[in-house]
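> My questions all concern the structure below.
The values are calculated or read from the model by the stated rules, or taken from the named source; none is laboratory data. The shown structure was predicted, so the numbers you read here are calculated from the model rather than taken from an experiment. Quick reminder, even Gly has a Cβ in these numbers, built from the backbone with ideal geometry, and neighbours come from all protein chains shown. Heads up: the accessible areas ignore ligands, DNA and RNA and are worked out on the full protein's heavy atoms, side chains in. Shrake-Rupley method; radii C 1.70, N 1.55, O 1.52, S 1.80 Å.
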Amino acid sequence: LHHREFLSIIGPSGCGKSTLIRILAGLETATSGEILLDGKAVTKPGAERGMVFQKYTLFPWLTVCRNVMFGLETAGYSRDGAENMALQWLDIIGLEKYADYYPGQLSGGMQQRVAIALAPQPRVLLMDEPFGALDAQTRAQMQNYLLEVWHNIDITVIFVTHDLDEAVYLSDRILALKANPGEVNEVIEVPVPR
């Protein structure tokens, strides 16, 4: 993986895409081989890796701002520091006007943008089919928001998708897995600019 790269993982259902990204996140253990980040083994979740799931992972009883602040405070930021950083992230994802809303008051696409902001300072952002449940128009908007966030911050993205068009649009490279679980078929350099 290259610094600031956008890598998509594609393959047929059941080939291990979600398992691979969960191993990269430290949520599951590999049966063989090892995952290294800066020469250190990945064996558990860590702040340098953020994970965005397909299902929204927001606390419904917390406002949008408090949802984003939660992870920051857990990571050791003071309440004021977490609030300032959360508001900056909400500005980056275009939701600063919704800081005091609750997740149930937002559309699906807006909720997913908040989910992206929940891990605002990882070096690697892992995304497991985050736009799979969205309608085509919202999905296209989310792809553009994600690229905007990626362009504005120093981050590497690993993105699981079933959609080859989405992978080509978003990625620098595409990792294609075989139907046999856990096997890489090909690594494809995307030859066209975004």
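> Between residue 123 and residue 101, what is the FRET efficiency for a Förster distance of 30 Å, r being their Cβ-Cβ separation, to the nearest 0.05?
On the way: r = 29 Å, r/R0 = 0.98.
Once the sixth-power term is evaluated, E becomes 0.55.
> Roughly how tilted is helix 108-117, in degrees to the nearest 10 and between 0 and 90, from the longest Cα axis of the chain?
Once rounded, the angle reads 90 degrees.
> Where in the range 35-76 are there chymotrypsin sites (Phe, Trp or Tyr not before Pro) that are in a DSSP coil and have at most 15 other Cβ atoms within 10 angstrom of their Cβ?
Values: sites: 53, 56, 61, 70; in loops: 53, 56, 61.
Qualifying residues, ordered by number: 61.
> Order 171-178, 100-107 from most to least packed using the mean count of other Cβ atoms within 10 Å. Please report the intermediate quantities before stating the final value.
Details: 171-178: 18.4, 100-107: 13.9.
Packing order, densest peptide first, comes out as 171-178, 100-107.
> List the trypsin sites (Lys or Arg not before Pro) within the range 1-66 that DSSP assigns to loop and that have no more than 15 neighbouring Cβ atoms inside 10 Å.
Details: sites: 4, 17, 22, 40, 49, 55, 66; in loops: 4, 55.
Answer by residue number: 4, 55.
> Please list log₁₀ I(q)/I(0) at q = 0.10, 0.17, 0.18, 0.20 Å⁻¹ for the range 60-186, using the Debye equation with identical point scatterers on the alpha-carbon positions.
For the requested q values the scattering log ratios are -0.35, -0.91, -1.00, -1.16.
> How large is the helix-only mean residue ellipticity at 222 nm for the chain, computed as the sum of -39500 (n - 2.57) over DSSP H runs with n ≥ 4, divided by its residue count, in deg cm²/dmol to the nearest 500? Let's see the in-between values first.
Details: 6 runs with 68 residues, N = 194.
Mean residue ellipticity at 222 nm (helix-derived): -10500 deg cm²/dmol.
> Further question on the same structure: Counting only protein heavy atoms, what percent of the accessible surface of the chain is carbon or sulfur at a 1.4 Å probe? Numbers along the way, then the final one.
Values: 5270 of 10210 Å².
So the carbon and sulfur contribution to the accessible surface is 52 percent.
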